[in-house]
Each structure stands twice: as structure tokens, then as C-alpha cells.
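Student: Take a look at this one; I'll ask things after.
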Amino acid sequence: MSDRPDNDGGGRMNPAIQEVTDRLIERSRASRTAYLARLDAEAEAARRRGPARAGLGCANLAHGFAAAGKTDKLDLRAGVKPGVAIVSSYNDMLSAHQPYETYPAILKAAVREAGGVAQFAGGVPAMCDGITQGRAGMELSLYSREVIAMATAIALSHDMFDASLMLGVCDKIVPGLLIGALHFGHLPAVFVPAGPMSSGLPNKVKARTRQLFAEGKVGRAELLDAESKSYHSPGTCTFYGTANSNQVMIEVMGLHLPGSTFVNPRTELREALTRAAGRRAVELTAHGGEYTPVGRVVDEKAIVNACVALLATGGSTNHTMHIVAIAAAAGIELLWDDLAALSKVVPLLTRMYPNGQADVNHFQAAGGMQVLIGDLLDAGLLHGDVLTIAGHGLEHYRSAVELKDGEPVWEERTGGSTDLDVLRPVSDAFSPDGGIHMLNGNLGRAVSKVSAVKEEHLVIEAPAKVFDDQLDLLRAFEAGELDGQDFVAVIRYQGPSANGMPELHKLTPPMAVLLDRGQRVAIVTDGRMSGASGKVPAAIHLSPEAAHGGPIALVQDGDPIRLDSAAGTLELLVPAEELAARTPQGAPLTDAQWVGTGRELFAAFRRTAGPAERGAGIFALNGHEGAR
């Protein structure tokens, strides 16, 4: 396919990016058309009706404003001003979400100032993978995304609202909020970030202390001291894991105000941006001058843009599932094949821990999102002709934000990166392709994060050591049973249908110790690794999973496995006829065994979860039923 004349962003559209986009549009045509038809019908009804609550009966509406203050009660009763829902993941246990404590009052005042009326519509759960790593609670983590989506739907189900303000930062929280919002696609949705904590103990020092603890060379007190110096205040953890990958993708999709992603909490600029987000939500309603429904913002081009940003920054592998699930909520059928094709042409432009020593504050200081987006636009790697909450065109997101007279002011940033060790232009990329590779072979399909793996570790051929529980591997390490050997650790029955697909980040320190000793080791699993993982070569999200009879269930100790992350292959080097004669080994826990820490409440999720390559969720492609 020839180059398009312009991407409306300053550069000629890369033909490979355009080809992926065209395939995505064609593949999704029926479901996306059905989704948009429903959205348009709801939008037209909103325009005719006025504010949503005007359609409620008197008893319904009275319930809806009974607890409001005097001024808000009069406004809600009058049915003239647009209503804005605040949906928040606030809790004071998790650093990333603690800043949201003060946001509702700030947002309500800003919405009132803009001529609307805001109500706190509902809270959603926000669990921390950092706390639950290696524990039973982690087995609920991925399922929490679906719970958050459903909780968002419950918050918006009262038909009181004309727009929403979504308050979330980490891991499953932002994907869940967006999935829920997309099922109310006719409503504008403005995502309001909280920002990262300031830089603490360098990530390299923290990681080294973890390895020393795994080797028994430092004690718990020393480890806890290092961890608490790293995670030390309100705000997002500063390494480039799933939480901060969320934030990058949401800004590139046009759902944040430009430049708001990595502004630290409890600063004047942060509060000014929060106020501006509240005012913007009012302007975007069907009753303002810039109606911008979230279901129109999140289209095929926005999804491709999010994928490009993920790859260009070497982001979290968790998003190979989350972005598939988000796309499906908008009636868009994204495949891992699309990510694989994009990865071949999107260069790696950042070095942030774990694929570098810098953190997101260093990235922000180097130019941050505005430099990244501007350079990708100029190189024709992002679609510029998209709808955003800032207006039409991703060009808005070249603008850096400053505080002037207490208010945010946006001005286009014309300079490039100020730190080429952290952020580089396309013309001088760290790597010619993306930091995430898709793998194929006789074991199935998997994902490999290569941006943090040394080149000499990208290919390994070694015998398998099979574990059906991550704790068994940890016990083997502590007993010295893994010393002095090259091996591929196969950890199975860790998929969505087995036990909720927990992150296996607890395995990174001991496996890194073996790697540093000169052993050649790798991981193959149908589970997940943390967004902070990366040093140890790994094939993760293996699909089909063992619980569905995938070939990983046939692997035996000693079987040779070849993992070639560079070439994108994963092979069990056992003759096909021998494999055909084998029966699956091991089994997932039964419902009767999978209990404790509330896990029994999620048994229905185990039975309905889809495969990793389809988003590992329980929701069907939105619009699919209407397309039949």
C-alpha cells in the first residue's frame, strides 16, 4: 500500500501502520457499525431530551438528589444543567490512588463553575499487585478488571449523567474504567490522573537488594528499608510498569488533558489540571459546544495509536491483554497479529526501568509525552486525524502545559529530548523495533518483553523444569536444586481459567540471581509477569493455557525447549508423534480447592474467562450480537 498523503500530524503515514489500521477497520466493520448505531441512537435521544435526568420520573429523580446540598439540589431538580458523574478508585492504602481523596470536592467546584453539576456516582475497587505478589490475592487481580468495569456500569446506570470523570491510575483499574465507560459510549469520559510520586531509591539499587535478599545475603530489615525508600509517598510507583504504561496509552488515545499524565501529586499544576478536567467534562456534553462521546474517541485509529505508544516505550506486557479487551468494548476486534505487525516497524524510543535506569520523572523532565507524541507524529507512526477530549487532532498533544496565574496554559513544545539516555527521536532510536515481541510455535502463542533483556539472552535452548505452582520453583531455588544448571522453567496452570492468571513477578529475583551467576535460564508460562519484570527472558501469556488442554500441559522435565525472542519462536523440541502419544500432566485446582482470600466468589470467572490473546476477559465483543 502506498503512503497516504498526510496523517494530519505533520508526517506521511507509515504504510505498515496504515495497513494494520485498514485490516482492523475491515475486520471490525460489523461489530463496530452495530456499536456506533447504538451509540448514535443514545446520543440523538440525549440531544432531544436535554440533561439525562430530565427523562426520569419524579420519584426516581427525587432519590437522585435527596442527599445533595442546597445549591446542587436546586440545579438537579431544575433539570437544565448537565450532570457529571465522578467515578473514583480512591483508597488511602494505595499510594497511586490516595491523592484522589481530595479530587471530588475540587471537581464538583470546577463543574459548577463551568455550568454543570457533579455527583460522586460510585467507587470502584483498586487492588495493588505490588502488595499481592506471590499471594492468593494476586489470583483475583486480573478478574478485578471485569469487576471494575461492572462497578463503573453500575455507577453510570442511574441515567443521571451527561458525562463522566474517571479517576484511576494503576494496572487493571484504568482498563476496567474504560471498558465500563465504553458501554456508555454516548457519554463523554475524561480521565483524571493523579501523577507519579517523586523519585526515591534508584530502581537498580532496589532490584539489587531484592536479589541479595533472595540469596540470603541481606535480611528482611534491609530489604524493607530499601523498598520503603523506593515506595515512599503518595503517587504512582515511578518505574515503567503497567500503571505508567496505562497513563501513556490513555494520553495517546486522547482521554487525558494534554501533558497531564506525569505531573506529580500535591503540586499547584496538578490541582489546576484537575480543575481543568472538571470544566472540560461539561464542555464535551451533548448540551455543550463540543460534544465528544467516548465511543467516538476510542476508534480503530486510537487503538492503533495506543499500541504504537506501548511498543515505542517498551511498556508493560499486561497491555497485550488489556488493549484487546478495551478495543472489544468499543466493538473493535484487535488481534495479537496486529501487535506483532506493529512491533516490526515501531522503534523503541525510551529507556525507563526495567529497560533502563531512569524512571518516569526523568522521562517527564526529558520532554515526556509531548516530545514522544510529536516525534511519532512527524515520523508517520501515529494517526493525527483523531478525536480527543482536547479537540480534533492529536496535534493538541504536542503542547506542554505550564501554570500561569494559577491556571494551566498549553504551548506547543518545539524542542526535542533534553536527555537522550532516556528519550530519543525516531531517527536515533534505542532499537529499530518495539520492545514487545509475539511468539509462535508448537507450544502455542505467547508474548515476550525484550526491551529489558540483554541481547545474549534473547535465545536459549535448554531442558525444561516443570512446575505447577510458583511456590514449588521458589522452594527448589531455596534448596539449591536449581544451581549450576541451564534450564527453562515451565510454570503452568497459571492461566485465566486456571487461577486468574496471577503475575509471577516473585520469581524474578531468584531467576535473576541464576542469570547473574552465568546460568542460562528462562521462563515459559501461561501466567503473567509484572510490568516491572524484564531482565529474565520469558514467554508469557501462553495460549492455549494448560487448563484448556494446551500443549504446555504435555511438557515433561528434561524436554528441550527453544525460546528465540529475536525470531519470535517458541518450540518444544520433541517429535510430534511422541507428543501425540502423551496425556496432559497435572491439573488446575478444583473449585473446592481454590478457596480462601475470597477466591471462591470468583469461581464463575474461571469458567467464563477467555484466552489471553482475546483479552482474558469475560465480556464478548461489543456489538457482535447486533452484527449478526
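The values are calculated or read from the model by the stated rules, or taken from the named source; none is laboratory data. Everything numeric here is computed off the predicted structure, so don't read it as measured data. Positions of Cβ are backbone-derived with ideal geometry, glycine not excepted, and every protein chain shown enters the neighbour counts. Only protein heavy atoms, including side chains, enter the accessible area calculation; ligands, DNA and RNA are left aside. Shrake-Rupley method; radii C 1.70, N 1.55, O 1.52, S 1.80 Å.
Student: Looking at (1) open to solvent by less than 30 Å² (accessible area, probe 1.4 Å); (2) closer than 30 Å to F239 by Cβ; (3) within 25 Å of the chain's Cα centre (by Cα), which is the only condition N622 fails?
Tutor: Here N622 clears every test but (2).
Student: Given (1) in a helix (DSSP H, G or I); (2) farther than 20 Å from R280 by Cβ, identify the lone condition not met by A110.
Tutor: Of everything listed in (1) in a helix (DSSP H, G or I); (2) farther than 20 Å from R280 by Cβ, A110 misses just condition (2).
Student: Now a separate question. Between residues in the stretch 214-235 that are of a type in the set (D, E, K, R) and residues that are open to solvent by 80 Å² or more (accessible area, probe 1.4 Å) and in a helix (DSSP H, G or I), which pairs lie under 8 Å by C-beta distance while being six or more apart or on different chains?
Tutor: R220/F213; E222/F213
Student: Further question on the same structure: Among the candidates G122, G176, G130, G137, single out the residue that is surrounded by 24 or more Cβ atoms within 10 Å (Cβ to Cβ), within 26 Å of G195 (Cα to Cα) and of a type outside the set (F, W, Y). Steps first, answer last, please.
Tutor: Details: G122 fails: surrounded by 24 or more Cβ atoms within 10 Å (Cβ to Cβ); G130 fails: surrounded by 24 or more Cβ atoms within 10 Å (Cβ to Cβ); G137 fails: surrounded by 24 or more Cβ atoms within 10 Å (Cβ to Cβ).
Checking each option against the conditions leaves just G176.
Student: Still on this structure, I have one more. If a residue must be open to solvent by 40 Å² or more (accessible area, probe 1.4 Å) and assigned to a loop (DSSP other than H, G, I, E, B), how many such residues does the stretch 222-236 contain?
Tutor: 2
Student: What's the total number of residues in the stretch 337-393 that are over 24 Å from M321 (Cα atoms) and hydroxyl-bearing (S, T, Y)?
Tutor: 0
Student: Are there any pairs with C-beta distances below 6 angstrom linking a residue in the stretch 448-464 that is open to solvent by 40 Å² or more (accessible area, probe 1.4 Å) to a residue that is of a type in the set (A, V, I, L, M, F, W, C) and in a strand (DSSP E or B), with the two at least 6 apart or on different chains, and if so which?
Tutor: P463/F487
Student: For residues in the stretch 352-408 being of a type in the set (D, E, K, R) and surrounded by 24 or more Cβ atoms within 10 Å (Cβ to Cβ), which is nearest to the chain's Cα centre (by Cα)? Even if it seems obvious, please write down each step before you answer.
Tutor: Filtering the stretch 352-408 for residues of a type in the set (D, E, K, R) gives 359, 375, 378, 385, 395, 398, 402, 404-405, 407.
Subsequent filtering for residues that are surrounded by 24 or more Cβ atoms within 10 Å (Cβ to Cβ) retains 359, 375, 398.
Values: D359: 18, D375: 22, R398: 22 Å.
Restricting to residues being of a type in the set (D, E, K, R) and surrounded by 24 or more Cβ atoms within 10 Å (Cβ to Cβ), the top hit is D359.
Student: Just to be sure before I move on: is A603 under 30 Å from L458 (Cα atoms), of a type outside the set (D, E) and in a helix (DSSP H, G or I) in the structure I sent?
Tutor: Values: under 30 Å from L458 (Cα atoms): no; of a type outside the set (D, E): yes; in a helix (DSSP H, G or I): yes.
No, not satisfied.
Student: Shifting gears a bit: Restricting to the stretch 11-29, name every residue that is open to solvent by 60 Å² or more (accessible area, probe 1.4 Å) and touching a residue at least 12 places away in the same chain (Cβ under 8 Å). It would help to see each step written out before you state the result.
Tutor: At the first step, the residues of the stretch 11-29 found to be open to solvent by 60 Å² or more (accessible area, probe 1.4 Å) are 12, 19, 23, 26-27, 29.
Correct list: R12, E19, R23, R27.
Student: Search the stretch 542-559 for residues that are within 16 Å of M501 (Cα to Cα) and pair each with any residue that is among the basic types (K, R) and assigned to a strand (DSSP E or B) when their beta-carbon atoms are under 8 Å apart and the residues are at least 6 apart or on different chains.
Tutor: Close Cβ pairs satisfying both conditions: L542/R445; S543/R445.
Student: Within the stretch 189-221, track down each residue that is of a type in the set (V, I, T), assigned to a loop (DSSP other than H, G, I, E, B) and open to solvent by 30 Å² or more (accessible area, probe 1.4 Å). Give the derivation first.
Tutor: Step one: of the stretch 189-221, the residues of a type in the set (V, I, T) are 190, 192, 205, 209, 218.
Within this subset, residues satisfying the condition of being assigned to a loop (DSSP other than H, G, I, E, B) are 192, 218.
Hit for the stretch 189-221 is V218, nothing else.
Student: Which numbered condition trips up Q494, out of (1) modelled with pLDDT under 95; (2) surrounded by 19 or more Cβ atoms within 10 Å (Cβ to Cβ)?
Tutor: Answer for Q494: the failing condition is (1).
Student: Here's a check for you: in the stretch 516-537, which residue that is of a type in the set (A, V, I, L, M, F, W, C) and at pLDDT below 95 is farthest from E139 (Cα to Cα)? Walk me through how you get there before you give the answer.
Tutor: Kept after step one, since they are of a type in the set (A, V, I, L, M, F, W, C), are these residues of the stretch 516-537: 521-524, 529, 532, 536.
Of the ones still in play, those that are also at pLDDT below 95 are 529, 532, 536.
Numbers: M529: 13, A532: 18, V536: 22 Å.
Among residues in the stretch 516-537 that are of a type in the set (A, V, I, L, M, F, W, C) and at pLDDT below 95, the one farthest from E139 (Cα to Cα) is V536.
Student: Could you list, in sequence order, all residues of the stretch 92-109 that are over 22 Å from G180 (Cβ atoms) and either in contact with a Ser or Thr (Cβ under 6 Å, 6 or more places away or on another chain) or surrounded by 24 or more Cβ atoms within 10 Å (Cβ to Cβ) (or both)?
Tutor: The one that is over 22 Å from G180 (Cβ atoms) and either in contact with a Ser or Thr (Cβ under 6 Å, 6 or more places away or on another chain) or surrounded by 24 or more Cβ atoms within 10 Å (Cβ to Cβ) (or both): I106.
Student: For the structure I just gave you, tell me whether E577 is free of Cβ contacts under 8 Å to residues at least 24 places away in the same chain, among the charged types (D, E, K, R), open to solvent by 30 Å² or more (accessible area, probe 1.4 Å) and out of contact with any Asp or Glu (no Cβ under 8 Å at 6 or more places or on another chain).
Tutor: Values: free of Cβ contacts under 8 Å to residues at least 24 places away in the same chain: yes; among the charged types (D, E, K, R): yes; open to solvent by 30 Å² or more (accessible area, probe 1.4 Å): yes; out of contact with any Asp or Glu (no Cβ under 8 Å at 6 or more places or on another chain): yes.
Yes; evaluated as a whole, the condition is true for this residue.
Student: Report, by residue number, each residue of the stretch 248-280 that is of a type outside the set (A, V, I, L, M, F, W, C), open to solvent by less than 10 Å² (accessible area, probe 1.4 Å) and more than 23 Å from the chain's Cα centre (by Cα).
Tutor: Of everything in the stretch 248-280, just one residue is of a type outside the set (A, V, I, L, M, F, W, C), open to solvent by less than 10 Å² (accessible area, probe 1.4 Å) and more than 23 Å from the chain's Cα centre (by Cα), namely G278.
Student: Test of understanding: among A109, A78, A85, A121, which residue is free of Cβ contacts under 8 Å to residues at least 24 places away in the same chain and among the aliphatic types (A, V, I, L, M)?
Tutor: Values: A109 fails: free of Cβ contacts under 8 Å to residues at least 24 places away in the same chain; A85 fails: free of Cβ contacts under 8 Å to residues at least 24 places away in the same chain; A121 fails: free of Cβ contacts under 8 Å to residues at least 24 places away in the same chain.
After ruling out the rest, the residue left standing is A78.
Student: Right, here's the next one. Mind checking which pairs have a first residue in the stretch 344-359 that is under 21 Å from K204 (Cβ atoms) and in a strand (DSSP E or B) and a second that is modelled with pLDDT of 90 or more and of a type in the set (G, A, S), Cβ under 7 Å, 6 or more apart or different chains?
Tutor: L348/A312; L348/G314; L348/A429; L348/S431; T350/G314; M352/A358
Student: Then there's this: Do you know which of the residues in the stretch 283-301 that are among the acidic types (D, E) and either modelled with pLDDT under 95 or assigned to a loop (DSSP other than H, G, I, E, B) (or both) is surrounded by the fewest Cβ atoms within 10 Å (Cβ to Cβ)? Spell out how you get there, then give the answer.
Tutor: Step one: of the stretch 283-301, the residues among the acidic types (D, E) are 283, 290, 299-300.
Subset that is either modelled with pLDDT under 95 or assigned to a loop (DSSP other than H, G, I, E, B) (or both): 290, 299.
Values: E290: 13, D299: 24.
Going through the qualifying residues, I end up with E290.
Student: If you take the residues in the stretch 34-91 that are part of a helix (DSSP H, G or I) and among the polar types (S, T, N, Q), which one is surrounded by the most Cβ atoms within 10 Å (Cβ to Cβ)? Write out each step before concluding.
Tutor: Residues of the stretch 34-91 part of a helix (DSSP H, G or I): 34-49, 52-55, 58-65, 70-78.
Now narrow it down to the ones that are among the polar types (S, T, N, Q): 60, 71.
Values: N60: 13, T71: 10.
Ranking the qualifying residues of the stretch 34-91, first place goes to N60.
Student: Do we have any residue at all in the stretch 319-341 that's among the hydrophobic types (A, V, I, L, M, F, W, C), surrounded by fewer than 24 Cβ atoms within 10 Å (Cβ to Cβ), touching a Gly at 6+ places or on another chain (Cβ under 9 Å) and part of a loop (DSSP other than H, G, I, E, B)?
Tutor: no
Student: Restricting to the stretch 504-532, give me the number of residues that are within 22 Å of the chain's Cα centre (by Cα), under 16 Å from K204 (Cα atoms) and open to solvent by less than 10 Å² (accessible area, probe 1.4 Å).
Tutor: Count: 1.
Student: Being in contact (Cβ under 8 Å) with a residue 40 or more places away in the chain, open to solvent by 30 Å² or more (accessible area, probe 1.4 Å), charged (D, E, K, R) and in contact with a Lys or Arg (Cβ under 8 Å, 6 or more places away or on another chain), is that true of even one residue in the stretch 582-598?
Tutor: no
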